[in-house]
Amino acid sequence: MSERTTSGAAVTLPPLTGTGKELLRAVKGMNDVLPPESARWEWFEAIVRGLMARYGYRSLRTPIVEPTALFVRGLGEVTDIVEKEMYSFADSLNGDRLSLRPEATAGIVRAVNEHNALYNGPLRIWLMGQMFRHERPQKGRYRQFNQLDVEALGHAGPDVDAELILMLRALWRELGLVEGRDVSLEINSLGEPEERRAHRAALIAHFETHAALLDADAQRRLHSNPLRILDTKNPAMQAVVESAPQLMDFLGAASLAHFNAVRAVLDASGLAYRVNPRLVRGMDYYNLTVFEWVTTHLGAQATVCGGGRYDRLIEELGGKPAPGVGFGLGIERLLLLLEAVGVAVPQWAPDAYAVVPDAATLPQVMPVLEALRAQGFSVLMHAAGKDGQGSMKAQFKRADASGARHALVFGAEELAKGMVAIKPLRDARAPQTLHAIDTPGAWAQQLRTP
């Protein structure tokens, strides 16, 4: 047996059984998703694809590896992500500084700029994929995590801000979550740069008068990014944060009008929310509307998803000036939330399980199974082991365990008559029926029922 070190602790690795070789494991904080757990992901992904289509959003895909400079410029040099959490390295071929993407928006904007994708007008796009942050792994928060990212680029009005928030409400409802009970909406406005500059000066003055109460992170950020101090989770600093000047008091007429227009749409749609003046989000690129959906079911890490408007990021990353708004949602955390509130997530099961007692009959059986699959039915065939097909009892046990609605029984008696028996597996009272093996189109729909 051998040892390796993970986070400073020696870990003993058992050898692979019978080989004497070290058992290789996944990187800490980067997890496998195996069946049947993967069925929950497929269920969620299918819901997302349908929702995006109904709202007119199109899929976009970007590389997992991007230039490090993209995130330094896009997210802000003094953000936690850039300072502490990115997986960055030098390309061994040319020395370029590269990073695994820690979030999706900067890469999406880079792709849109590079391909001049806004030339023909605004875009509504979405991306689902892996992100990477080097932080302490904990339940629902991993070093490799999956994110749904939705962006509307080229749209300046508050209508699209509200549309994205309402899209999330539609997602919650389709997933079985109840807004106000399982998830709640918080919103704020960060205004425009000149308004934030005035607020920034007031913040610095406020925190300077309470310098003895600031922790090391807050002292470091005091003059570089004081707005991020408002997002502290340090309980000892909550009083000084609560008494700090509020950005809302520095907003001009245009910023307030934009925020009030978003609120008017949410009010008219019957969506409850809380205006949270301390809501700032974790990246520097946001302006005007910001929002988070939060929950009380996942402990201290309350945010389920968040987003907002970023009208200067496209220009900051080298494109022609254009507005943008979007949100990101952590899929692992969302699936944990569904589990925590008791949402029953459907598990995959085949429509039918083919019981094949004799391998010699496969030339008759396989064309039938292929015909059913061509019609869109999922059929799981019992595969032979070293000792042949196995007993009928063993095959029916496997059929039942598969979750299939029916067993297709290709026994010797049935095949001698040119028939196949359909045995319901989920309703003990339903009778077994016989059907002609060469006309599956005539009886296939029976496989859809329990």
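The values are calculated or read from the model by the stated rules, or taken from the named source; none is laboratory data. All values derive from a computational prediction rather than experimental measurement. When we count neighbours, we look across all protein chains shown, and the Cβ atoms used for this are built from the backbone with ideal geometry, even at glycine.
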_Can you find a residue that is part of a loop (DSSP other than H, G, I, E, B) and at pLDDT 90 or above anywhere in segment 361-375?_
yes
When VAL275 is run through (1) loosely packed, with under 14 Cβ neighbours inside 10 Å; (2) outside the structural domain of GLY306 (by TED's automatic domain parsing), the failure sits at (2)
(1) outside any strand (DSSP E or B); (2) closer than 20 Å to GLY308 by Cα; (3) modelled with pLDDT of 95 or more; (4) of a type outside the set (S, T, N, Q) all hold for TRP126 apart from (1)
Being surrounded by 13 or more Cβ atoms within 10 Å (Cβ to Cβ), modelled with pLDDT of 90 or more, within 28 Å of ALA39 (Cβ to Cβ) and in contact with a Phe, Trp or Tyr (Cβ under 6 Å, 6 or more places away or on another chain) narrows ALA404, ALA354 down to just ALA404
Flagged pairs (Cβ under 9 angstrom, 6 or more apart or on separate chains; first in segment 242-256, without any contact (Cβ under 8 Å) to a residue 60 or more places away in the chain and in a helix (DSSP H, G or I); second of a type in the set (Val, Ile, Thr) and crowded, with 17+ Cβ neighbours inside 10 Å) are LEU247/VAL280
Picking from THR68, THR105, THR79, the residue that is within 15 Å of the chain's Cα centre (by Cα) and either assigned by TED's automatic domain parsing to the domain that holds GLY330 or over 23 Å from LEU336 (Cβ atoms) (or both) would be THR105
When segment 401-422 is checked residue by residue, the ones that are within 46 Å of the chain's Cα centre (by Cα), of a type outside the set (A, V, I, L, M) and within 14 Å of PRO440 (Cα to Cα) are PHE410
When restricted to ASP427, ASP400, the only residue part of a helix (DSSP H, G or I) and not polar (S, T, N, Q) is ASP400
Condition set within 25 Å of PRO193 (Cα to Cα) and without any contact (Cβ under 8 Å) to a residue 60 or more places away in the chain, scope segment 282-323, selection surrounded by the fewest Cβ atoms within 10 Å (Cβ to Cβ): answer is PRO321
Picking from GLU151, GLU135, the residue that is part of a loop (DSSP other than H, G, I, E, B), among the acidic types (Asp, Glu) and touching a helix residue (DSSP H, G or I) at 6+ places or on another chain (Cβ under 8 Å) would be GLU135
